[in-house]
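The values are calculated or read from the model by the stated rules, or taken from the named source; none is laboratory data. No experiment lies behind these values; they were computed from the predicted model shown. A quick note on method: Cβ atoms are made from the backbone with ideal geometry, for glycine too, and the neighbour counts reach across all protein chains shown. With ligands, DNA and RNA removed, areas are computed over all heavy atoms of the protein, side chains included. Shrake-Rupley method; radii C 1.70, N 1.55, O 1.52, S 1.80 Å.
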Amino acid sequence: MKISTITFIIPCFNESETLPEMYKRLSSLTDKFTNFQFEFLFINDGSSDSTEEILKNFAKSDKRVRCLHFAKNHGHQIALSAGIDFANGDLIVAIDADLQDPPELLKEMIDKVYEGYDVIHAQRRNRSGETWFKLFTAKLFYWFIKRFSTQELIENCGDFRAFTRPVLEVARRFRERHKFLRGNFVLYGFRQCVIQYDRDSRFAGTTKYPFKKMVRFATDAVINFSTLPIRIVIFISFLLLMLSFVYLIRSLILHFVFHVTIPGWTSLIVLITLFASLQLFCFAIIGAYVGRIYEQVQNRPLYWIKDVQNISLDDASAISPCIQEIIISRNIVNSKCNIVNEESTK
């Protein structure tokens, strides 16, 4: 496969402390690859610090820097999806702005593409600077996914990966709201491989994935790729139904054969509480699936953009028609209005 342009997709949420170093390392890296053109596609995911101002300054001095600024925070997976929507490269590298994942792995990724691979997953051998709790919850996450999801995942692979243009075109067609891109990229198929690296500690700032978000992330992974929770509910319900039937037979035998009345209300209250709790649990699981159906059929845009830098109307027009509605950038809207006004004047 021929590569002429390489796009780095870099989602950012309150990363003002890491962005200068990130840009410096990207620039230093790309200077070594003079036979390729580069674009640095930063997605500002509704940051509340000075991330937006820093990115605008980068874009003014370097035309390779292209920026999308969300009107509100939509989450890491949606920010990556926006990068996929606007990327122009033949090879795309998704990487976080915290510098835990080394952009210098690009050379190895390019070599794998020339070997015929379309998706190159970066697998972490070591995870420096992370607490025992973070490591434990990550291990628990992959254990949970392996047993409750129908989609095979590559353990210790985050969202740091490279993929080719054909994979990009496929990825743009997946418009679910609750995204789990680690599973999606395995699902896409194509020829895939894994390269390993040692993950660095965070350059600066704090993690944007606390335990609460990890739980939500794991929930999205299971529900997106498996109906197993519903099947488990059916199994438990059937099992308890059988137990209830056995309990009923026992009660009838004690009453009519041995003339013994089961004493007390305690057992009755316990059974009622048990079955009521089970019903609520079942409703909660089914409701999680129904809720996602409800959100999906509303057909709202995945994200909306308040501003852009170094992204033209032509870039937006090149995007698939199914996602045209998301483009509400001031720059692009003004361009569209001008076109309409010129046509009406004619």
So Gly158, is it modelled with pLDDT under 85, surrounded by 17 or more Cβ atoms within 10 Å (Cβ to Cβ) and in a strand (DSSP E or B): yes
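Condition first: part of a helix (DSSP H, G or I) and modelled with pLDDT of 70 or more. Can you find one or more residues in region 201-212 that meet it?
Start the filter on region 201-212 by keeping residues that are part of a helix (DSSP H, G or I), which leaves 211-212.
Pick out the ones that are also modelled with pLDDT of 70 or more and you get none.
No, there is no match, as no residue in region 201-212 is part of a helix (DSSP H, G or I) and modelled with pLDDT of 70 or more.
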For region 49-67, enumerate the residues that are assigned to a helix (DSSP H, G or I) and open to solvent by less than 20 Å² (accessible area, probe 1.4 Å). Thr51, Leu55, Ala59
Single residue of Thr30, Thr18, Thr34 found to be among the hydroxyl-bearing types (Ser, Thr, Tyr) and in contact with a Gly (Cβ under 9 Å, 6 or more places away or on another chain): Thr18
When you scan region 25-48, do you find a residue that is touching a residue at least 40 places away in the same chain (Cβ under 8 Å), of a type in the set (S, T, N, Q) and not in a loop (DSSP other than H, G, I, E, B), even just one? no
Tell me whether region 76-86 contains one or more residues that are of a type in the set (A, V, I, L, M), assigned to a strand (DSSP E or B), crowded, with 21+ Cβ neighbours inside 10 Å and in contact with a helix residue (DSSP H, G or I) (Cβ under 9 Å, 6 or more places away or on another chain). no
Mind checking which residues of region 19-48 are surrounded by 15 or more Cβ atoms within 10 Å (Cβ to Cβ) and small (Gly, Ala, Ser)? Ser27, Gly46, Ser47
Suppose the filter is of a type in the set (D, E, K, R) and either over 17 Å from the mean Cα position of the chain (by Cα) or farther than 25 Å from Arg199 by Cα (or both); does Asp96 pass it? no
Condition check: crowded, with 19+ Cβ neighbours inside 10 Å, among the small types (Gly, Ala, Ser) and out of contact with any Lys or Arg (no Cβ under 9 Å at 6 or more places or on another chain). Does Ala94 satisfy that? no
